[in-house]
Every structure is written in C-alpha cells, then in structure tokens.
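Quick note: the coordinates plus some simple rules give every number you see, no bench work behind them. None of these values were measured; they are calculated from a predicted model. Here Cβ is always computed from backbone atoms with ideal geometry, including for glycine, and neighbour counts include all displayed protein chains.
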Amino acid sequence: MSVQPHFNGSAVPHDWAGRYYHIDQILNAPGPRTDPAFLAGDEVKDFLRNQVKILVIGAGGLGCEILANLALTGFKDIHVIDMDTIDISNLNRQFLFRQKDVGKSKATIAAEFIMKRVPGVKVTPYHGKIQDKDDDYYMQFNIIICGLDSVEARRWINATLVNLVDPENPESLKPLIDGGFKGQARVILPTITSCYECSLDMLNKPTAFPICTIANTPRLPEHCIEWASVLEWPRIHGDKKLDTDDPEHITWLYKAAAARAHEFNIEGVNWSLTQGVVKNIIPAIASTNAIIAASCCNEAFKIATSSAAYLNNYFMLIGTDGVYSYTFEHEKRDDCPVCGGEALDLSISSNTTVEQLIEMLVEKQDIQIKKPSLSTPTKQIYLQAPPQLEEATRPNLSKKILELVPAGGEITVTASTLPFSLSLRINYT
Amino acid sequence: MADSKDIESATTAIILDGIVPDSRTRRYDRQLRLWAASGQSALEHSRILVLSSSATSSSILKNLVLPGIGHFTILDKSIVTPEDAGNNFFLEGPDSIGKSRAEETVHFLAELNEGVDGRADTRELRELLNDPKGAAEWLGTYTIVIAHNLDNGLLEKLSTLLWEDESLPPLVVVHSAGFLAEFAIQFHEHTIIESHLESSPSLRIDKAFPALRDYALSLDFQNMDPTDHSHIPYVVILVRVLEEWRNTHNGLPPQTYPEKQAFKAKISSMKRKFDEENVEEAESQAYRCWTTSAVPSEISALLSDPRLSQPALSLPPFFRLLKALKKFTERHDILPLTSTLPDMKANTEEYVKLQRMYKNRAAEEKAEIREILVEDGGAEGVDDVLIDQFVKNAHRLKILNGRKWGTLEKEKDGERIINALESSPKQAATHFGLSALQRVLSKRGNTNQSQRQGQLQPPKITIEELTAEAQALLPSGASLPETEWNEVAGELVRAPTADLPNSAAFLGGLVAQEVIKMITKQYVPVDGICVIDLIETWTGVI
C-alpha cells in the first residue's frame with residue numbers, strides 16, 4: 001500500500017487520512033486542565049494548519065530540533081533566520097545537516113530538509129541577522145521561538161518584541177518562547193510576564209582573567225592561551241583579525257600558548273583546550289537540545305491551540321545528577337530597562353568619574369552593556385559614535401559624574417547593540 | 001612574522017603528534033568536552049536494542065546515533081501506517097506507508113551518522129520470548145534494551161528474564177500518552193567513578209602533609225620582600241597560621257565564633273599593603289582550617305559494604321579498589337590526596353611549586369593504594385589509568401543499587417507507594433495513571449501495532465475503567481489523591497494512544513541522556529521512576 005500526497009492547483013498538498021491521528025486526540029477534545037475558550041475540532045485545526053505563521057530564530061542545535069518538531073506538530077508556515085554556516089563540529093547534534101553541507105547556510109539547508117521530509121510544510125529561510133529585519137517583518141508572526149546561543153541577539157529580539165506591543169492592538173503582542181542551550185525554556189508574553197532582560201542577572205558571569213595574571217603571573221593553561229590570543233596575536237599580527245573558526249589561527253595560538261606554558265612549567269595546554277578557551281565553547285549534546293527544543297515547541301503548540309495550559313513561565317533542567325528540573329514563575333522587574341518603565345536606582349560615590357561609571361555598567365550583572373553612551377535630558381555626557389561626537393565628548397571621561405548630574409538626576413544609557421535605552425537615577429553616597 | 005617563527009621552532013620539541021584534531025574528533029568535539037575519550041569509546045562499543053519504532057523510540061535513538069553509539073537494532077515487525085507517517089520524523093511521510101517500519105526508521109536514523117551500524121529485526125518479541133534460553137542469549141549481545149509502550153504482559157516477561165541473570169543488560173521502560181510520560185531503568189547495580197558531582201576534594205590544610213607543612217614553616221614572612229609576600233598562595237598562609245595557632249591553643253584549631261574571628265584577624269594583620277589579594281583570599285578561605293578533612297559520610301557508607309570483606313580477587317575491579325581505599329582510610333582516616341589544585345592568587349613560581357608538592361604527595365598516596373591492591377592480591381587486571389581515575393574521584397564515587405521494573409507496586413507493605421502518594425501526589429498520580437492505562441490497553445490488545453493498522457479512531461477508555469485499574473495497583477488502605485487523579489485520568493482518556501511529536505522529542509532527549517550515563521558510567525543516572533508532565537512542564541522522580 002502506498003499513498004501519494006495529492007496536490008491541488010495552489011501547490012498546497014492535501015493531508016492524508018490518519019496523518020494527524022496522534023495530534024488530533026488532543027485537538028478533538030479538551031482535557032481537565034484546558035482553558036474553556038478552547039475550540040475543539042475543525043476550527044483549531046484550521047487555525048494551526050492554515051493560519052498560524054511562526055518564526056524560528058536560530059537553525060543550530062536548538063533550531064534544527066525546533067523546526068522538525070513544529071513541522072510534525074502541524075505548523076505549516078514556518079520562517080527561520082540564521083546567519084551562520086555549517087561547521088563539522090555541528091554534526092554531532094544538528095541533525096538536519098550532513099558532511100556534504102559543511103560551509104553552507106544553516107537556515108537554507110535546514111529549510112530544504114524539513115520541506116523534503118515533512119510534506120506540505122513551507123519553511124522560508126533567511127540567511128542573515130535578526131537585526132536586518134524591521135518591525136513590519138516581526139509583526140507578521142503569531143509566535144516567535146528563539147534557539148540562540150547569543151545573549152546579545154536574545155536581548156535584541158526581546159526588546160524589539162516588547163517595543164512592538166501596542167495596547168490598542170492585541171495582535172501586536174507576540175509570545176516569545178526562549179530556549180537556552182544550558183537547559184532553560186521559558187514563555188515570555190512581552191509587557192505582561194517577565195522578559196529576557198528582567199532575568200539578565202541570572203546569567204553566569206563569563207570567566208575573565210585579570211590582565212596582569214595573563215601578562216605576568218600565569219598559573220593555569222588557560223592563562224597561557226589567553227596571553228596568546230589577547231596579547232601575543234595582536235603584537236605579532238597587528239591589525240589582522242583573529243578568526244577563531246580558522247584552524248590555522250587556533251594552531252598558531254596553541255603553539256604560542258604551549259611555548260609560554262613550557263617556559264613557565266605549566267602543564268595542560270592542548271589544541272582542544274585552546275579552541276575551547278578562545279571560542280568560549282560550551283559543551284553541547286543532542287539530548288539536551290532535544291529536551292529544550294521539545295519543550296519550546298510544546299509551549300508553541302499549546303499557545304497556538306489553547307489545547308492545554310502553557311508554562312508559567314520558566315523551566316530549567318539540570319541533568320548531571322539524575323534528572324532534576326525546576327519550574328517556576330520568574331517575576332517581572334519594575335526597573336527592567338525594557339519592560340519595567342521605572343528608572344534603575346544607582347548609588348555611586350561622589351568621586352566617581354564618567355569613565356569609572358562606564359566600567360561599572362559593563363561589569364554590572366543586571367546591565368551588561370558593552371559600549372554604553374551616556375546622556376542626560378539636556379546634555380551629552382559621552383558618546384561612543386560617531387567619531388566626531390566621541391572626540392567632542394571624550395574630555396568628559398575624566399570628569400566626576402557629580403559635576404554633570406545632580407543627585408536624583410537621570411542618565412540615559414544607550415548602546416548600538418541594544419534597541420532600548422536604560423534610565424539610571426543617580427544617587428551619591 | 002619573525003617572532004612567530006621563533007615560537008614555532010621553540011615548540012617543535014614539545015609537539016609530538018598531529019596537532020589539529022582529525023575530523024572524527026572535530027565532529028565529536030562538543031561532547032568530548034563532557035565525557036572525554038573514555039566515554040566516547042564506551043559509547044562506540046555499545047550495542048542498543050530498541051523494541052518498536054514509534055516516534056518516541058525513534059527520537060531516543062536519534063539522540064544516541066548522533067553522539068556515536070556502535071550499533072543499534074530496532075525490533076519491530078509492523079508495517080508503516082498513515083498514522084506513523086504523520087508523527088515520525090524518521091519516516092518519509094506517505095512514501096513510507098506500507099513498508100517495514102523497522103527498515104524505514106533504521107534507514108533514516110542511520111543516515112545521521114556514518115559511523116553507526118543499524119539493523120532492522122522484523123521478528124516478533126512474543127515469539128522470541130517463548131524461548132527464554134534463546135532470548136537470553138540474544139539479549140545478552142546488547143549493552144542496553146529500551147522498550148516504549150510495550151504490551152504489559154510482554155514487559156513483565158522481558159523484565160523478569162533480564163533481571164534473573166545479572167549478566168544480561170539493563171532495561172529502560174518508557175511509557176507515554178499525550179502530554180504525560182514516565183520512564184525507569186531496571187538495573188542490578190551501577191558503580192560510578194566519574195560521577196562529575198560538584199563536591200570538591202579536601203586541600204588538607206588542617207592535615208598538611210610533611211612537604212607542605214615544612215614549606216609553610218620555612219618561610220620568613222616578616223622579612224620577606226614585599227612583592228614576594230604578595231605572591232604566597234593562600235594555602236601556604238593558612239597552613240602556617242594554623243600551625244602557629246595550634247601551638248598556643250593545645251593543638252586545636254579555632255573552635256568558637258570569637259576564636260574564628262581572632263584567627264581571621266591574625267591573617268588580616270599579615271597584610272603589608274591594604275589590598276594584598278593573597279592575604280585577603282586566605283582570610284576568606286579561613287574556614288578550611290576548622291573544617292576537618294575526613295572521609296565524607298557518603299563515601300564511608302560505601303566503605304561499609306559487607307562485600308569488602310571478601311577476598312579481593314573474587315570482586316570486580318571497582319570493589320577491589322574500594323577495598324584498598326577502605327584500608328587506606330583505616331590507616332590515615334582521610335581520602336587519598338588529589339593532585340588538582342584550584343587557581344589562587346600567586347605568581348607562577350609559587351603556584352607551580354605548590355602544585356608540584358600536591359602532585360608528588362598525590363603520587364605517593366596513589367602508590368600506597370596500588371601497594372595495598374597488590375598485597376590484597378587484587379591488582380590483576382586493574383591498570384594504572386583506572387587507579388588514577390579512582391583516586392582522583394575518591395571523594396565522589398557513587399553506587400546505585402538499582403531495582404527491577406515494577407517493584408514499587410509489588411512491595412508487600414507498600415510503604416513507598418503510600419509515601420509517594422502523600423509527598424508527591426502529582427507525580428504518583430501520573431505514574432499510576434500511565435501504569436493503569438498500559439494495563440487497560442494491553443488487555444484490549446491496542447498497543448499491538450499490527451492490530452491497530454487502519455483503525456483511525458483512538459480507543460475509548462472511561463475514567464471509571466482507568467480508576468479501577470489504578471486502584472488495583474495500590475496497597476490496601478491507600479487511595480488516589482482526588483484532584484491530581486482527576487487531572488491525570490482526564491488527560492489520559494483524552495489521548496490514550498497519542499505519541500505526540502513534542503512529547504516524543506522531549507522523552508527522546510531525556511531517555512537518551514540517561515542511557516548515555518549508563519553506557520559511559522559517567523554522571524549519575526536517574527534512580528527511580530522519572531515522571532513527566534508537559535502541560536505544566538515539570539519532571540519529578542519517585
């Protein structure tokens with residue numbers, strides 16, 4: 001017996017009888033924990049299969065899994081964005097890619113694979129950055145799922161979706177489901193629940209070695225590797241940019257680090273550690289990605305269909321000692337720079353200079369802004385760009401904040417990488 | 001570029017073989033960072049048997065094929081139905097309908113990794129189990145067996161057969177329906193050296209070994225060059241200050257709160273500059289002086305295993321090493337030293353010097369373990385790599401006792417069930433719901449795939465039917481928690497045979513992860529029944 005899919009004129013394939021036997025058990029009847037608004041039967045099926053448009057950000061470890069799950073669940077109009085190309089080290093978990101695909105666009109190859117494997121699903125790839133797209137683009141989707149490993153990109157999309165919310169237009173509220181490679185899945189309803197920015201302080205601080213340790217007193221193999229990439233590479237290669245994806249560059253760093261380690265009697269520098277340190281590699285396996293991606297898609301399905309209550313609002317899995325998970329409601333922050341509306345109180349010493357404040361903002365766990373520009377409602381304090389303005393405001397760096405901002409006054413912090421500004425209310429100690 | 005050439009010539013001496021990893025190592029790079037070459041080798045030598053090729057089974061296998069198991073067999077005699085084609089990513093939609101389900105899924109799974117060997121077996125489990133001897137021989141060729149939604153009668157038979165002979169592989173039992181699922185691993189005993197648990201070994205500041213103590217006492221802190229002073233590692237400072245303290249306190253470390261404060265003040269007073277970082281570090285680590293380095297209670301418990309009184313040679317390597325460790329702790333009242341020293345404020349010279357002291361001492365103590373092993377006659381077949389691993393991880397060894405599948409229900413007094421119903425009613429209700437559902441379906445023959453073919457309506461099951469079956473599983477006097485049970489039962493009768501793609505993918509990840517832990521003998525697998533609810537999105541263990 002073989003059933004061929006039938007296509008009508010508009011090239012939309014018909015589903016075969018029995019295709020949704022499994023999913024339809026859920027869509028044909030409510031369960032005890034289903035919202036009364038759930039419209040069991042044809043209406044919800046039509047909405048899921050013919051009307052919902054969903055965006056997947058990232059076609060990597062989480063993205064591949066997310067795309068496959070969404071397609072099988074019955075989402076038919078899927079868009080995917082990814083700026084990366086396929087690397088050999090992706091193949092141990094990014095299961096839509098094969099050896100022959102190495103070097104090609106992740107978004108394109110993933111889309112092609114899904115469309116071949118799951119008939120009738122349209123996947124529209126975009127090989128590029130999320131920042132290339134404007135509000136109109138994001139407005140077209142019902143739900144957005146993020147499978148990213150970049151904090152910056154997630155902050156950007158989170159802020160963009162919060163800004164998109166127009167209280168007059170319910171359609172403008174786009175649920176954001178965020179999957180984290182470390183084992184988190186969460187549902188964000190922009191402006192209603194806690195957003196990505198609200199929980200920024202939950203992120204682990206990246207390990208940073210003091211520059212004097214790297215330069216003068218290395219103790220660990222990592223210190224030697226940092227020396228090679230941070231100090232020795234620019235010294236030898238000048239302006240030539242270090243490409244951490246280039247094995248030859250890694251090999252050069254490895255040799256430099258190994259020589260330094262040898263000189264200092266430090267053991268343990270090898271190629272793999274070198275690559276791990278300079279690329280800040282986080283170990284990754286198929287199974288963790290599968291769990292988190294499945295959880296994200298399950299939430300998307302429940303939100304799209306109302307067939308069951310959805311996650312409120314944070315799920316975290318730790319799988320090293322047995323199976324341990326934690327489900328909790330992360331609270332919205334009133335002083336969240338993206339969704340809170342209130343200025344963040346910051347107490348500083350009256351001696352603090354502009355330069356020191358900038359350093360503080362870069363360091364602070366709940367702020368983490370790489371190149372902040374500062375201004376008050378009436379004047380510019382320091383601007384990172386354009387060059388003329390940077391030069392004009394540079395003399396302020398050594399000034400005390402107290403000279404520029406009165407106690408209780410506000411400073412607006414902006415950065416080119418973030419589509420929002422942060423208001424600080426300054427108090428002096 | 002002249003300098004870079006210098007570096008190259010300087011390093012050629014210490015670079016022995018190919019520097020850049022080969023393509024296999026690069027493919028597995030992200031996972032090798034989790035379980036190293038030893039874990040990878042265990043995976044590559046493993047043979048997995050999966051009973052059925054449901055969406056869930058395929059998802060589990062996907063997450064095992066990708067990291068590179070050696071071999072997998074899918075035992076399934078059924079033919080791909082239109083329903084299968086709709087929910088399994090490892091079938092090619094309608095093109096697969098009518099073909100052998102095992103063959104199709106093996107084909108699409110094997111594509112994921114050229115290094116993995118996959119085979120479809122279209123025989124029937126029922127018939128195979130009718131010949132227990134032949135079945136045991138066949139099952140014995142596998143490392144682990146995984147069964148998803150298997151007929152209850154067959155599961156009883158299979159789990160008993162695998163349990164009766166300790167040499168037969170562990171069994172992973174997976175049940176799922178709609179948004180609810182559970183799984184458990186049946187195994188006899190699982191010993192883990194590389195548990196990766198986050199407990200850190202003692203630095204022995206309170207019981208400094210001679211080289212460390214001598215070094216700490218040899219330093220003239222008072223007349224030292226200020227720069228040198230700021231480079232003495234906190235470990236050395238603490239050993240010295242503690243020694244001095246003990247000399248004036250009857251050999252005792254600080255006991256009371258005021259004493260501890262005084263001790264910290266003593267450290268603080270050593271500062272030459274107001275921000276001497278190594279001294280500050282010593283102050284913040286001062287608690288190590290009054291935390292006694294002793295054998296942790298979890299490890300003591302392992303050392304009281306009655307088997308350790310048996311002759312070493314009759315024991316497996318893990319227990320021979322444990323026996324040697326027991327003797328070592330009886331002599332020294334402490335675990336052998338590990339050579340790993342955390343990073344601390346110091347210059348290179350001082351740090352490396354200290355590191356070498358730890359390393360030498362650790363090597364001596366490891367040698368003592370080896371000597372004990374030899375004296376005991378247990379050294380045969382225990383290589384140096386294993387001893388090394390064992391000693392390094394002595395503070396976080398782990399033994400899981402394991403149990404047969406279904407034991408929870410068969411306990412005479414039912415104490416664990418009663419506890420679970422009280423302390424975790426949601427989890428317990430879900431477990432009993434899934435067990436009851438499996439029994440109801442098995443009675444109707446509905447889990448047998450070939451019988452279900454072409455039948456597009458899911459079976460109608462009533463809440464009363466399910467409740468009666470669940471109550472029959474409870475010990476007398478126990479009852480189902482009402483609210484939780486209603487939620488579970490209602491959800492199960494809604495979708496009794498739904499193998500949802502997202503639930504399948506979630507279980508696929510979770511089960512594969514535990515299977516990898518079992519195979520690699522690294523990390524700690526789940527000990528008990530893991531229950532999953534994908535409505536509220538939680539997991540729990542009973």
Between residue B:536 and residue B:272, the FRET efficiency computed from the C-beta separation at R0 = 41 Å comes out, to the nearest 0.05, as 0.10
In a solvent-free Debye calculation with one equal scatterer on each Cα, what is log10 I(q)/I(0) for the protein assembly as shown at q = 0.07 Å⁻¹, listed in the order of the q values?
-> -0.71
What residues have an amide H closer than 5 Å to that of residue B:398, excluding those fewer than 5 places away on the same chain, when H is modeled at 1.01 Å from N in the peptide plane?
-> B:192
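Is the shape of chain B rounded, prolate or oblate, going by the alpha carbon gyration tensor and its root eigenvalues a ≥ b ≥ c, with a/c under 1.5 for rounded and a/b larger than b/c for prolate? Working shown, then result.
Details: a/c = 2.28, a/b = 1.86, b/c = 1.23.
In terms of gyration-tensor shape, prolate.
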Could you tell me the largest-minus-smallest coordinate of the C-alpha atoms of the range A:231-271 on each of the three principal axes, in descending order and whole angstroms?
-> 31, 20, 9
HN-Hα J couplings of the range B:192-202 from phi, Karplus 6.51/-1.76/1.60, θ = phi - 60°, integer Hz, Gly and Pro as x?
-> 10, 8, 8, 6, 6, 5, 8, 8, 9, x, 5
Dmax and Rg, reported as Rg then Dmax, of the range A:215-352 (C-alpha, Å) = 23.0, 64
Taking residue A:116 as the anchor, which aspartates and glutamates have their alpha carbon closer than 12 Å to its alpha carbon, excluding any fewer than eight residues away along the same chain?
-> B:92, B:95
Run down the aspartates and glutamates and flag those whose C-alpha is under 16 Å from the C-alpha of residue B:273, throwing out any fewer than 8 positions away in its chain.
-> B:225, B:228, B:281, B:283
Could you work out how far the C-alpha centroid of the range A:41-92 sits from that of the range B:228-302, in angstrom?
-> 56
What's the center-to-center distance, using Cα atoms, between the range B:35-102 and the range B:115-163 in Å?
-> 15
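Could you tell me which of rounded, prolate or oblate describes the range A:211-279, using a ≥ b ≥ c as the square roots of the eigenvalues of the alpha-carbon gyration tensor, with rounded for a/c under 1.5 and, failing that, prolate when a/b is larger than b/c and oblate otherwise? If you can, show how the numbers build up before the last one.
Details: a/c = 1.91, a/b = 1.31, b/c = 1.46.
Here the range A:211-279 falls in the oblate category.
Distance check, please: which entries in A:174/A:332; A:129/A:279; B:426/B:517; A:371/A:399; A:106/A:370; A:129/A:371 exceed 23 angstrom between their Cα atoms?
Beyond 23 Å: B:426/B:517; A:106/A:370.
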Within the set A:235, A:98, A:155, GNM on chain A using Cα springs under 10 Å gives the largest fluctuation to A:235
Mind telling me which of A:99, A:384, A:365 comes out most flexible in a GNM of chain A, alpha-carbon contacts under 10 Å?
-> A:99
Among the DSSP H helices of chain B, those whose Cα atoms extend at least 27 Å along the helix axis and whose mean Kyte-Doolittle hydropathy is 0.5 or higher are B:501-520
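If you wrap a convex hull around the C-alpha atoms of the range A:306-385 and split its volume per residue, what is the figure in Å³? Don't skip to the end; give the middle numbers.
Numbers: hull volume 16.5 nm³, N = 80.
Dividing the Cα hull volume of the range A:306-385 by its residues yields 206 Å³.
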Summing Lys, Arg as +1 and Asp, Glu as -1, what charge do residues with Cβ under 9 Å from the Cβ of residue B:298 carry, residue B:298 excluded?
-> +2
Using only Cα atoms, tell me the angle between helix A:354-363 and the longest principal axis of chain A; keep it within 0 to 90° and round to the nearest 10.
-> 40
Fewest to most Cβ atoms within 10 Å: B:228, B:76 sort as B:228, B:76
Run through the DSSP bridge list for chain B and note the antiparallel percent, rounded to the nearest 5.
-> 50
Any chance you could give the angle, 0 to 90 degrees and rounded to 10, that helix A:106-117 forms with the longest Cα principal axis of chain A?
-> 10
The long-range amide H neighbours of residue A:53, using H built 1.01 Å from N in the peptide plane and a cut-off of under 5 Å, are A:142, A:143
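Taking only DSSP H segments of four or more residues, each worth -39500 (n - 2.57), what value at 222 nm results for chain B once the sum is divided by all its residues, to the nearest 500 deg cm²/dmol? Present the calculation step by step, with values, prior to reporting the outcome.
Details: 25 runs with 273 residues, N = 542.
Rounded to the nearest 500, it is -15000 deg cm²/dmol.
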Mind pulling the angle between the C-alpha long axis of helix A:151-164 and the longest principal axis of chain A? Nearest 10 degrees, somewhere in 0 to 90.
-> 60
Rg from C-alpha atoms of the range B:210-289, normalised by the globular rule of thumb 2.2 N^0.38 Å, equals 1.04
Near residue B:460, which aspartates and glutamates are there with a Cα under 19 Å away, not counting those fewer than 8 places off in the same chain?
-> A:24, B:83, B:151, B:469, B:487, B:491, B:499
Which entries of B:207/B:264; B:62/B:398; B:323/B:392 show an alpha-carbon separation above 21 angstrom in the structure shown?
-> B:62/B:398
The range A:130-143 - phi-based ³J(HN,Hα) in whole Hz, Karplus 6.51/-1.76/1.60, Gly and Pro as x = 5, 6, 5, 9, 9, 4, 4, 4, 5, 4, 6, 9, 8, 9
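Kindly identify chain A as rounded, prolate or oblate by the Cα gyration tensor criterion: order the square roots of the eigenvalues as a ≥ b ≥ c, call it rounded if a/c is under 1.5, otherwise compare a/b with b/c, prolate if a/b is larger, else oblate.
Numbers: a/c = 2.18, a/b = 1.39, b/c = 1.57.
Oblate is the answer for chain A, as a/c is 1.5 or above yet b/c matches or exceeds a/b.
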Calculated from DSSP H runs of 4 or more alone, at -39500 (n - 2.57) each and per residue, what is the 222 nm mean residue ellipticity of chain A, nearest 500?
-> -9000 deg cm²/dmol
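How high is the FRET efficiency between residue A:104 and residue A:360 when r is their beta carbon distance and R₀ equals 51 Å, given to the nearest 0.05? Present the calculation step by step, with values, prior to reporting the outcome.
On the way: r = 43 Å, r/R0 = 0.85.
The formula returns an efficiency of 0.75 here.
Could you sort the peptides B:196-209, B:214-227 by per-residue average Cβ neighbour count (10 Å cutoff), highest mean leading?
Numbers: B:196-209: 17.6, B:214-227: 11.8.
With the highest mean Cβ count within 10 Å placed first, the list reads B:196-209, B:214-227.
So if R0 is 25 Å, what FRET efficiency would residue B:189 and residue B:294 give, r being the distance between their Cβ atoms, rounded to the nearest 0.05? It would help to have the intermediate numbers written out before the result.
Working: r = 26 Å, r/R0 = 1.06.
Efficiency computed from Cβ-Cβ geometry: 0.40.
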Calculate how many DSSP beta bridges within chain A are antiparallel, expressed in % of all such bridges and rounded to the nearest 5.
-> 55
Where the centroid of each part is defined by its Cα atoms, how far is the range A:295-309 from the range B:173-205 in Å?
-> 29
